[in-house]
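Participant: Right, I'll just put the structure down here and ask away after.
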Amino acid sequence: MGKQQLGVGHLNSALIDIINDTKHDKDMSLRALAAASGISLTRLSHVMRKNRPLMIDELPALCAPLGLKDWQVLRDAQNTTPKGAETTTAHEANETKPAKNTPSPHKQ
């Protein structure tokens, strides 16, 4: 069975927005950020276009060349994320969810 791809959730989207805004404010190209962070240009391009989620271990690598503190970026992103927002897999996002009153088939 193949790997299930994660979708880009609210928190991830907020993180990417902060990084993108700072990148633009510093007039830094995507190529320069990729080189400075050690993340491949292809991977970074997918992340910045929100086609792939940002992995938590990539956050410090992206923040350092932009002069950002990763913990502050994470805190700011959390403050802009709606309460109860979840990250879902691409598969889960396409599934229909049962009504709340529908009994679970796993409960007896």
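Participant: Just check the range 21-65 against the gyration tensor rule for me: Cα atoms, a ≥ b ≥ c as the square roots of the eigenvalues, rounded for a/c under 1.5, and otherwise prolate or oblate depending on whether a/b exceeds b/c.
Facilitator: Rounded, since a/c falls under 1.5.
Participant: Can I ask one more? Can you give the net charge of the other residues whose Cβ lies under 11 Å from the Cβ of Asp17, counting K and R as +1 and D and E as -1?
Facilitator: 0
Participant: Report the net charge of residues surrounding Pro65, where surrounding means a beta-carbon distance below 14 angstrom and charges are Lys +1, Arg +1, Asp -1, Glu -1.
Facilitator: Taking every Cβ under 14 Å from that of Pro65, the sum is 0.
Read-outs throughout are calculated quantities, based only on the coordinates presented, and are distinct from any laboratory measurement. Not measured: the values here are computed from a predicted model. We place every Cβ from the backbone using ideal geometry, glycine too, and count neighbours over all the protein chains shown.
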